[in-house]
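S.K.: Structure in C-alpha cells, see below.
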Amino acid sequence: MATTTLHEAQPSLPSPPTGAAPPGGTARRVLRELRRDIGAVLSTAFLVLIVLMALFAPLIGTLAGHGPDTFDSAAVDKDLGGLPKGSLGGISGDHWLGVEPQNGRDILVRIAYGARISMLIAVSATLLTTVIGVVLGLLAGFYGRWVDQVISRLMDFLMAFPALIFMIAVLSALPAGNRPVLLVIVLSVFGWPYLARVVRGQTLTLTGREFVEAARASGAGSRALIFAEILPNLRSTIIVMTTLAVPGYIGTEAGLSFLGVGVTPPTASWGQMIANSVSWYQVDPMYFVIPGAFLFGTVLALTVVGDRLRHALDAGEAS
Amino acid sequence: MLRYVAGRLSWVLVILLAVCVFTYVIFFQLSPDPAVMICGKTCTPERIDTIRTSLGLDRPFLQQLGDFLRGIVAGRDYGSGANLVHCPAPCLGYSFQSGQSVWEMVLERLPVSVTVAVGAAVLWLLGGVTIGLLSGVKEGTWWDRSTMALALGGSSIPPYVLALALQYLLVVKWQVLPFPAAIPFGDDPVAWFQSYLMPWIVLAIGYACLYARMTRANVIDTLAENFMRTARAKGLGPVLILRRHALRPALTPIVTIFGMDFAGLLGGALITETVFGLNGVGKMASDAIAKNDQPVIMAVTLLAAFFVVIGNVVVDLLYTALDPRVRTTAS
Amino acid sequence: MRRAVLSCAALCTAIPLTLTACSGGGPAASGQAKPTADPATGGTVHFLEKPDFSHLDPARGFDGGVNNFYRLIYRTLTTREAAGPHSDGTKIVGDLATDTGRASENNKTWTFTLKKGLFFQNGAPITSQDVKFGVERAWDPDAGIGSPYAKQVIAAPADYKGPYQSGDLDTIETPDERTIVFHLKKSYPQFSSVVAQPNFTPFPKGTGAKAAFDTKPIASGPYEVANYRRGSSLELVRNKHWKRSTDTVRAARPDSFVWTFGLDAATIDERLIAGQGKDINAVGPKVQPATIARLQTPQLKQRTLAGVTGCTTYMSLNTTKGPLRDVRVRQAIEYAVNKQTTVDALGGSALATAATSIEPPSIPGRDATDVYPSKDGTGDPEAARKLLAEAGQSKGFTLTVDARANATEQAVAVAVQQGLKRVGIKVKINTIDTSTFYEVIGTPSQQHDAALTGWCPDWPGGTTFLPPLFDGRLISDKGNSVLSMLDDKKIQKRIDEIAAMEDETAQNEAYGKLDAEIMKRAPIVPLNYSKTVLVVGTNIAGAHTSISYSGGIDLVGIGLADPKK
C-alpha cells in the first residue's frame, strides 16, 4: 500500500503474497515460526513498548512531572537562541530524554503523546483503507462486468493523482478543523485502490477455482460464496498488506507534518517534532535523533513484522 | 494492436479530463476567493470586482470550467479592451502571485525535475536491481541477509532526515560535494554533476531499497519454478541460468513498477527539491500551495497526472512486448 | 502601514531603521576585515534568499525587503541617508530633488526641484513630468497596490484612476522640466518622508502598463536588471547613465549583484557559515534561531551583524467580543501573558526583546513605561487573577486566537496559550493559512477574539504607528487595521490634536504619552520587539543594518573587501 508515500510521489506496492493461503489451522504454525525469528520477536517487543507508551502517556507525564505542553523556560538558554542547557539536549534527572529548544517542553512526554496521534492516524487510516479496499476489490472481482468496470475505472482515476501534492494542496485549502480526522480521510481516499487492486486480482482467480465452483453448484448464494469461500482465502494477503500499510501511513503523516500540513500545534506528533528539529540538527542533535529514532524504529519494526509474516504465510502455502 | 493503443490513449484523455474537473472543483470551490488574494494589502471592493471580471470569476461555475478546458486546447483571452491579454494554447492561466504564464513557469522548471528524476532512476535501478539479483541468487547467505537488513532499514528512513544528514557529511564536514544548486548542464558539466549528485542519492536510496527487495523476491520465485529445475538439471550454473532463463521473468514485474514510480517523479520530487532548494516543479508546487496560488497548483496536479497516466500506458505496452503471456486483447 | 511579518519571509531580507550594533567581539581573525569596514570598488555581491521579491514594480511592492532593493535600481524625490558608522539611516535627504522640499501654505503645497544630470538607463533625461507620471501610477487600480500614502495625502478627484485610464492628475504641477509641485488634501508636515516612498519613482511617460515593470523595470538608480528568472535568480549590473556626482546616498561599490531565490532557510545558514567558494561574497536573510548558538566562536562573531526591525509583535484583543468587552478582563490578559516565552518562540534574546509599550525603542519620543509591569515581562498571574475576580470571570473562559500557519507564529501562539493557562483562560488557536491571514483578521465579521500579528512604522515616529491601529474612525468592513475595534472618542480627539502640531519633536513626544494612555484601555498586548541577526561572508564589507529596512543590511552601502576574491 502506501509504503512509499514516505518517499516521493506515487507509491509502488510491495509484492503481495503469491496465491492464497489454505484456510484455517495455520495461525498456530505461523506464530510458532515468528517466535523462532529473533527479528520478529524484537520488533514485536518494540511495538508493544510503543503501544504501551501511547496508552499510558498521561501516566508517563505524571511520573516525569511534566505535561505535554508545559513550558520550562529554565531548561533553555535564552541567549543562545533557546538551546537546551546541559549536554545531550538537556537530558537530566528532571527531563529523561531532554527538552525541546526554545520552550523547554519535555521530549519523553511529547514522544508518548505523539505516539498516540501518529499511531491513531496510521491505524485508523489502515483500517479504513482495508475495509474499503477489501469490499470494493471483492465486489469487482466477484461480480465482474459493469461492477468491475466502475470500480476499476475509479481506481485508475484515483491512482492517476499525484497523491502527495494533492494531499498537501487539499489539506492546506481545507479549514484547519479537526486535522487528524482530515488526515485519515485524505490518506484513505488515496490509499484504498492499492489494496483493492490486489484483492480484485486474487478474487478473480479464486472465483474460477474448483472449491468455489463446487460450492456454487451445491446452491450457495453470493453472500455465502464471498464470506465462506473467498474471504478466508484472502486473509493472508490482507494481513500482510495491512502490516505494511501502517508504517507507510506513519511516514506519510510525518512527511505531511514536515511540509506543514499535518496536525496543528500544540498537539505533538512525531512527524511534527522531527520537522521542528531539522534546523537544530547541528547544535542539538538529540532533539532530532530521539523522535527520529522512534519513527525509524517503529517503521522498521512494522516492516519487519509484515515481511516475516508474509514469509511465514508463503512458506505455509508451499509446504 | 493499433486498436488497443488507440483505446488506451482515449482512456488517457478521459482520466485526464476527470482529474481536471475534480481538481478544479476542489480548489476553485473550497479555497478562499482568489480575487481577494490577488487584491493585496490595500484592497477596495471595487478593485475586487475588477479582478473578478478580468479572471472570469463572476461567471457561472460550469462556464468557468469550460473556459479553463478550452484554454488548454485552444488558448483564451483574459480581460477586455486595453487590458486584453491573449494566452496561447496550451493555456493554464496566469499565476495569482507573480502574474507569469503558468505554462511558461512549468516549462522553465521541468528540466530540473526531469534531471532529478532521471539521475535518481539510473542510480536506483542500477543499485537496487543489482543488489536484488545477487541476493536472490545467493539466497540465505550472509550477503543476502546483510543487504536485505540494510534495505529494510534504508526504506524506513524519512527522506528529509537522509537529505540533511548527507548534506552535513558530504558538504559541510568532508567537503567532497558543493551545496546543491540547479546548475544547467551546458554551463559547467562537472559542477552540474556534482550539484545534482546528492539529490539523486537521497531520492534513489528509498527506491533502491524497495527495488532490491522486490527483485530478490522475484528472482527467488522464478528460480523455484519448474522450468528452472529443468534448466538446473541440464547442468547449467546459477549465473548462466539467471542470464539465460530467469532474468526476463524476474524483471518483468519490476518494469511495471518502475514505469509508475518514474512517471510519478517527473511531476516533481516535492520533499527533495524543497530540502535542497532546487527550483523544479515540486518546489514550485510546494511554494504555490503555501501561497494558495490555484492556477499553479492546478497545473502541477495535471502535469503529474499526465505523466502517471502516460507512464501507465507505456508500461502496458512494454509489458505486452516483454511477456508474451499477456495478450493485447486482455484487460 | 507596513504590517510586521513575524516570521519575516519577505520583510527580513533587508529592511531599515537604526542600530548598526555590530557585535564584532573577540580578537580579529587574521587578515579578515570587519564587515563594517569600507568596501572597495568592483566585484559581485551574492544574496542567498528564500522567496523572491514581491514585485519589481515600485508602485506594487511595499515591504522592508523590496523597499531596500528598490534603492539600487530606483531613485525617489527624497530618500533616507545610507546606514553607516555615523548614521542610523533614518534621516531624510534629497535624492532626485536638491533638498527635502519647500512647504508653503501651512504645509499644504510642496515644491521640489530636481538635480541636473539625472538619466534613465536608456539615457533619456529624468524630468519632473516623469516623476509626476510615476506618482500617478499609485492611483491605477491594478498597479497601485503598494504604499498608500500618495493616495492618502495628495489631493485628487474621487474618480481618478491613474494615468493609463484617467490621464493627467491636475493636483501635481510641473511648471518646468525640473520643478514639481504637489497640492495636498490637508496640512502634512512629514511630506518629505512621503516622497521617499517607493511609488515616487520616476518612469518615462506612458510606460509600465500591464505589470511590465515587474519583469523589465526602467532603472533610474546606479544599477539595472540584466537578467531576471522569477523565483530563481536576479542579476543587476551597473546603469552607465547614473552619475555618481548626482547621488550623495548610494556608494554603489560592487559592479554587480546576484540573487539566488528559493533556497531552504537551514541551508542558507549552513552555506554562510561554511563560506565555501563564492559564498564568501554572500549575504543571507535573518538567521534561524538554531543558528544563534553556532555564532559564538570569535571567527563567526566577527562576521555577525545585529539589528532591530523597528516592529512590535502584538496580540490584538477584540474589544467588542464576549468577556473582552470588560476592560478589567483585557487588563488581566495583559498581566497573564508571559512575554519572555514569546521572546523564546522567536529565538531568544538575540532575536527579540520583551515589549513594555506599544511603540518600539526605535521610535523617537517613545515612553518606555510599562502600564502592566512584571518581573522581566514574565507576567503577574496574581494581579491577573484579582482583576478576573473583580470582573466575575474567576472561572476563566475560552479565548480564540487567530494565528498564521507557520512554525514561528504557531510557537508564539502556544507561548500565549501557556501564559493564559495560568489564570484559567483556555486559548483555542485558530490557524489561518498565511496567504489569507490579513484578509480574515482585517474583516471584523470574520475576526475572532484575538489575533497575533505585528506592526512596523513606515518612518520613525508615532504618526505611522498609533493612528492606524487605534483611530476608531478608521474601522472598516474590509482591510481593517484597527483590530481591537476600539472606538474611543478621547483617543480620537487626542490623535487630531497631535496631528495638528507643527513641531515634529513635540508631536513624537505627545504620541509617546498617548501610547500609555491607550494601554490603560488594554486594546492590544504588546508582546515583543523583534530583532535581526545576520551572518555575512568573510569578504563582505560596508554592511550596516538599517532600521528603515526592518533590520536588514542597507544595500546602497554594501560591497566587497577584496573584489578579486
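Every number here is computed from the coordinates shown, using simple stated rules; none is lab data. Values in this document were obtained by computation on a predicted structure and should not be read as measured data. Cβ placement follows ideal geometry from the backbone for every residue including glycine, while neighbour counts extend to all protein chains displayed.
S.K.: Can you tell me the relative contact order of chain B? Whole percent, Cα pairs under 8 Å, sequence separation 6 or more.
M.R.: Working: 400 pairs, mean separation 70.5, N = 331.
Taking the mean separation of contacting Cα pairs over the length of chain B, I get 21 percent.
S.K.: Could you sort the peptides A:192-204, A:131-143, B:14-26, B:95-107 by per-residue average Cβ neighbour count (10 Å cutoff), highest mean leading?
M.R.: Going from most to least packed, we get A:192-204, A:131-143, B:95-107, B:14-26.
S.K.: Also: Might you report the magnitude of the Cβ-based charge dipole of chain B about its Cα centre, with Lys and Arg at +1 and Asp and Glu at -1, to the nearest 20 debye?
M.R.: 1340
S.K.: Just from the alpha-carbon atoms, what are the Rg and Dmax of region C:353-471 in angstroms?
M.R.: Final numbers for Rg and Dmax: 16.0, 44 Å.
S.K.: For chain C, what's the relative contact order in percent, using C-alpha pairs closer than 8 Å and at least 6 residues apart? Walk me through the numbers before you get to the answer.
M.R.: Values: 1439 pairs, mean separation 151.5, N = 565.
With pairs under 8 Å counted, the relative contact order is 27 percent.
S.K.: Binned at 5 Å from 0, what are the whole-percent values of the Cα-Cα distance distribution for region C:110-264, short to long?
M.R.: For region C:110-264, the binned pair fractions read 2, 8, 16, 19, 20, 16, 10, 6, 2, 0, 0 percent.
S.K.: Separate question: Expressed as cubic angstrom per residue, what is the convex hull volume of the alpha carbon set of the protein assembly as shown?
M.R.: Numbers: hull volume 229.8 nm³, N = 1215.
Hull volume normalised by residue count: 189 Å³.
S.K.: Related question: So what is the calculated 222 nm ellipticity per residue for chain B, using -39500 (n - 2.57) for each DSSP H run with n of 4 or more, over all residues, to the nearest 500 deg cm²/dmol?
M.R.: About -22500 deg cm²/dmol.
S.K.: Using the Cα centre of chain B as origin and beta-carbon charges of +1 (Lys, Arg) and -1 (Asp, Glu), tell me which of B:284, B:202, B:178 is placed farthest towards the positive end of the dipole.
M.R.: Working it through, the farthest residue towards the positive pole turns out to be B:202.
S.K.: Across peptide C:39-52, what mean number of C-beta atoms from other chains lies inside 10 Å of a residue's C-beta?
M.R.: Counting Cβ atoms of other protein chains within 10 Å of each residue's Cβ and averaging gives 1.
S.K.: Here is a follow-up. Do the sum for chain A: with -39,500 (n - 2.57) for every DSSP H run of n ≥ 4, divided by all residues, what is the mean residue ellipticity at 222 nm, to the nearest 500 deg cm²/dmol?
M.R.: Mean residue ellipticity at 222 nm (helix-derived): -22000 deg cm²/dmol.
S.K.: Taking each residue in A:82-92, count the Cβ atoms of any other chain within 10 Å of its Cβ, then average. What number comes out? Intermediate values should be presented prior to the final figure.
M.R.: Working: counts 14, 6, 1, 0, 0, 0, 0, 0, 0, 0, 0.
Per residue, the number of nearby Cβ atoms from other chains is 2 on average.
S.K.: Given region B:104-330, what whole percent of its Cα pairs are spread farther than 31 Å?
M.R.: 33
S.K.: Just the Cα atoms of region B:93-174, one point each, no solvent: what log10 I(q)/I(0) does Debye give at q = 0.21 Å⁻¹?
M.R.: -1.06
S.K.: Separate question: What does the charge dipole of region C:308-531 about its Cα centre add up to, to the nearest 20 debye, if the Cβ of each Lys and Arg holds +1 and the Cβ of each Asp and Glu holds -1?
M.R.: Values: 25 positive and 28 negative charges, 209 e Å.
Approximately 1000 debye in magnitude.
S.K.: My understanding is that a pair violates if its Cα-Cα distance is over 22 Å; which of C:115/C:240; C:115/C:205; C:426/C:513 do that in this structure? Before the final figure, lay out each step's value.
M.R.: Working: C:115/C:240 18 Å; C:115/C:205 19 Å; C:426/C:513 33 Å.
Beyond 22 Å: C:426/C:513.
S.K.: Here's a follow-up. In deg cm²/dmol, rounded to 500, what helix-only [θ] at 222 nm does chain C give when every DSSP H run of at least 4 residues adds -39500 (n - 2.57) and the total is split over its residues? Please list the in-between numbers first.
M.R.: Details: 16 runs with 132 residues, N = 565.
That calculation yields -6500 deg cm²/dmol at 222 nm.
S.K.: Holding the Cα-Cα limit at 21 Å, pick out from B:283/C:478; C:185/C:489; C:132/C:161; C:301/C:531 the pairs that are longer than that. It would help to have the intermediate numbers written out before the result.
M.R.: Values: B:283/C:478 33 Å; C:185/C:489 23 Å; C:132/C:161 14 Å; C:301/C:531 17 Å.
Violating the 21 Å limit, Cα to Cα: B:283/C:478; C:185/C:489.
S.K.: To continue, here is another question. Output the relative contact order of region C:79-125, whole-number percent, from Cα pairs under 8 angstrom with separation of 6+ residues.
M.R.: Value for region C:79-125: 23 percent.
S.K.: If you don't mind, another one. Taking every DSSP beta bridge that has both residues in region C:308-531, what percent is antiparallel when rounded to the nearest 5? Spell out each step's value before the answer.
M.R.: Working: 15 of 24 bridges.
If we restrict to bridges inside region C:308-531, about 60 percent are antiparallel.
S.K.: Something else about it: For a quick protection proxy, order the peptides C:466-475, B:59-68 by their average other-Cβ count within 10 Å, most packed first.
M.R.: Those peptides, ordered most packed to least, come out C:466-475, B:59-68.
S.K.: Got a sec? Charge dipole of the protein assembly as shown, +1 on Cβ for Lys and Arg, -1 for Asp and Glu; which of C:323, B:253, C:547 is way out at the positive end?
M.R.: B:253
S.K.: Which of the peptides C:401-414, C:208-221, C:480-493 is most tightly packed, and how do the rest follow, judged by the mean count of other Cβ atoms within 10 Å per residue?
M.R.: C:401-414, C:208-221, C:480-493
S.K.: Past the 32 Å Cα-Cα mark, which pairs from C:91/C:151; B:291/C:339; B:291/C:386; C:216/C:564; C:50/C:91?
M.R.: Result: B:291/C:386 exceed 32 Å.
S.K.: Take the Cβ-Cβ distance between residue C:229 and residue A:223 as r, set R0 to 60 Å, and report the resulting FRET efficiency rounded to the nearest 0.05.
M.R.: Computed FRET efficiency for residue C:229 and residue A:223 comes out at 0.45.
S.K.: Suppose every Lys and Arg Cβ carries +1 and every Asp and Glu Cβ carries -1, with no other charges. What dipole size does the protein assembly as shown come out with about its Cα centre, to the nearest 20 debye?
M.R.: Dipole magnitude for the protein assembly as shown comes out near 2560 debye.
S.K.: Let me ask something else about it. When the Debye formula is applied to the Cα atoms of region A:125-205, each taken as the same point scatterer, what base-10 log of I(q)/I(0) results at q = 0.11, 0.19, 0.21 Å⁻¹?
M.R.: Evaluating at q = 0.11, 0.19, 0.21 Å⁻¹ gives log10 I(q)/I(0) of -0.32, -0.79, -0.89.
S.K.: Mind checking the mean number of beta-carbon atoms from other chains within 10 Å of the Cβ atoms in C:206-213?
M.R.: What the average comes to for C:206-213 is 1.
S.K.: If you look at just the Cα atoms of region B:145-221, how large are its Rg and its Dmax in Å?
M.R.: Spelled out, the Cα radius of gyration and Dmax of region B:145-221 are 15.3, 48 Å.
S.K.: Further question on the same structure: If you bin every alpha carbon distance in region A:42-155 into 5 Å steps from zero, what whole percent lands in each bin?
M.R.: 2, 12, 14, 13, 11, 10, 7, 7, 6, 5, 6, 4, 2, 1, 0
S.K.: Put +1 on the Cβ of each Lys and Arg and -1 on the Cβ of each Asp and Glu in the protein assembly as shown; which of C:172, A:230, C:139 then has its Cα farthest toward the positive end of the dipole?
M.R.: Sorting the options by dipole projection puts first A:230.
S.K.: Count the net charge of all other residues whose Cβ sits under 13 Å from the Cβ of residue C:398, scoring Lys and Arg as +1 and Asp and Glu as -1. Write out the running numbers ahead of the final one.
M.R.: Values: positive: C:321, C:395, C:421, C:426, C:428; negative: C:449.
Surrounding charge for residue C:398 is +4.
S.K.: Another question, then. Which three lengths, in whole Å and largest first, does region C:308-531 cover when its Cα atoms are put on their principal axes?
M.R.: That works out to 49, 38, 37 Å along the principal axes.
S.K.: Something else now. Mind listing P(r) for chain C? All alpha-carbon pairs, 20 Å bins, whole percents.
M.R.: 22, 54, 24, 1
S.K.: I've got another one for you. Measuring from the lowest to the highest alpha carbon on each principal axis, how far does region C:61-176 reach, largest first, in angstroms?
M.R.: So the extents along the principal axes, rounded to whole Å, are 47, 35, 31.
S.K.: Let me ask something additional. Among A:40, A:254, A:125, whose mean-square fluctuation peaks in a Gaussian network model of chain A (Cα, cutoff 10 Å)?
M.R.: Highest fluctuation of the listed residues: A:40.
S.K.: Still on this structure, I have one more. Calculate I(q)/I(0) for region A:161-256 by the Debye formula, one identical point scatterer on each C-alpha and no solvent, and give its log10 at q = 0.14, 0.16 Å⁻¹ to two decimals.
M.R.: The computed values of log10 I(q)/I(0) come out as -0.67, -0.76.
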